[in-house]
1. I'm checking my understanding of the structure. Among residues of segment 131-183 that are without any contact (Cβ under 8 Å) to a residue 40 or more places away in the chain and assigned to a loop (DSSP other than H, G, I, E, B), which one is most open to solvent (accessible area, probe 1.4 Å)?
2. Quickly run through segment 3-18 and pick out the residues that are over 15 Å from Ala188 (Cα atoms), open to solvent by 90 Å² or more (accessible area, probe 1.4 Å) and of a type in the set (D, E, K, R).
3. Restricting attention to segment 25-62, which residues are more than 22 Å from Ile177 (Cα to Cα) and open to solvent by 70 Å² or more (accessible area, probe 1.4 Å)?
4. Would you kindly identify the helices (runs of 4 or more DSSP H) lying entirely within segment 1-109 that contain at least 1 residues that are among the small types (Gly, Ala, Ser), over 21 Å from Val154 (Cα atoms) and without any contact (Cβ under 8 Å) to a residue 24 or more places away in the chain?
5. How many residues are over 15 Å from Arg131 (Cβ atoms) and in a helix (DSSP H, G or I) when one looks only at segment 187-215?
6. Hey, among the residues in segment 97-113 that are among the hydrophobic types (A, V, I, L, M, F, W, C) and surrounded by 14 or more Cβ atoms within 10 Å (Cβ to Cβ), which one's farthest from Ile16 (Cα to Cα)?
7. On the given criteria, is Ile119 modelled with pLDDT of 95 or more and either in a helix (DSSP H, G or I) or not aromatic (Phe, Trp, Tyr) (or both)?
Amino acid sequence: MIKALKEYFVEWWIIIARPILFYTKLKEESWKEQSLTFLLFSSWILAAAFSLAIFIVQYLPIGATLVTGIIGFKFLLITPVILTLAFAFYMITLLIVGGVLSILFGAAFYAIGFILHYIYLAFGGQGRLNRMIQSSFYSSAVVLFLALPAAFAVVTRYGWLELSLFAVGFNIVYVFIAVYVYGLWAVAGRKTYGVAKWRAFAGALVPVVLLLIFGFIFDKIGLRKLEAWIAPLK
């Protein structure tokens, strides 16, 4: 498992730092193989970060109230029980969040690959759907940056960051992800379909615009609900 994680992060760094090199050397194989494994690793690593944030933001304050007034030897006696319950709740949360993210990211990046395939064909490119979906799955590397808002949520909950700044931080990270993945999709499209650079970037605009629209809607609806959930403890 440790070896697999090490290999994942080596590949992740190449995608983020040297995407042109990565997509140039990428050999086509079924999207159901290594690229799907990469996407699942991205989903579950992010799920681990989200689950930890949920544990600290929600479970920890609740648990603290249950042991209020218990000190000394009595606290030592119940420590194994507390740790066992904490681990159980974390794992339950991780399984739920990991499953949801795997399905959502899998469907989303598959749809993006499907959309980009037909856009680049319309632009006169020559390429295979399988290769575009494979490339799209590897672009899921950007989702790990969503761990930053999870960290922002923790520090906001405990009063180390103002609630208004959480929204600013979230939006900055989201726009950064949108811009970065735009570049990844454009590079993947150029390498897969052999289209001109301007066509590669023009084609990738469609899913990026959809991504930004989703972000705008989430900012107006979802983010407001999230802010109530991570409001600083009193």
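1. Only one residue fits best here, namely Trp160.
2. Selection gives Lys3, Lys6, Glu7.
3. Residues satisfying the conditions are Lys25, Lys27, Glu28, Lys32, Glu33, Gln34, Tyr59, Leu60, Ile62.
4. 2-17
5. Summing the residues that are over 15 Å from Arg131 (Cβ atoms) and in a helix (DSSP H, G or I) in segment 187-215 gives 17.
6. In the first step, residues of segment 97-113 are kept if they are among the hydrophobic types (A, V, I, L, M, F, W, C); the result is 97, 100-101, 103-105, 107-109, 111-112.
If we keep only those that are surrounded by 14 or more Cβ atoms within 10 Å (Cβ to Cβ) too, we end up with 97, 101, 105, 108-109, 111-112.
Working: Val97: 24, Leu101: 21, Phe105: 18, Ala108: 19, Phe109: 17, Ala111: 21, Ile112: 19 Å.
Among those that are among the hydrophobic types (A, V, I, L, M, F, W, C) and surrounded by 14 or more Cβ atoms within 10 Å (Cβ to Cβ), it is Val97.
7. Working: modelled with pLDDT of 95 or more: no; either in a helix (DSSP H, G or I) or not aromatic (Phe, Trp, Tyr) (or both): yes.
Considered against the rule, which asks whether it is modelled with pLDDT of 95 or more and either in a helix (DSSP H, G or I) or not aromatic (Phe, Trp, Tyr) (or both), Ile119 comes out as no.
The values are calculated or read from the model by the stated rules, or taken from the named source; none is laboratory data. Small disclaimer: the values here were computed from a predicted structure and weren't measured. Every residue, glycine among them, receives a Cβ derived from its backbone with ideal geometry; neighbour counts consider all protein chains shown. For accessibility, only protein heavy atoms count, side chains too; no ligands or nucleic acids. Shrake-Rupley method; radii C 1.70, N 1.55, O 1.52, S 1.80 Å.
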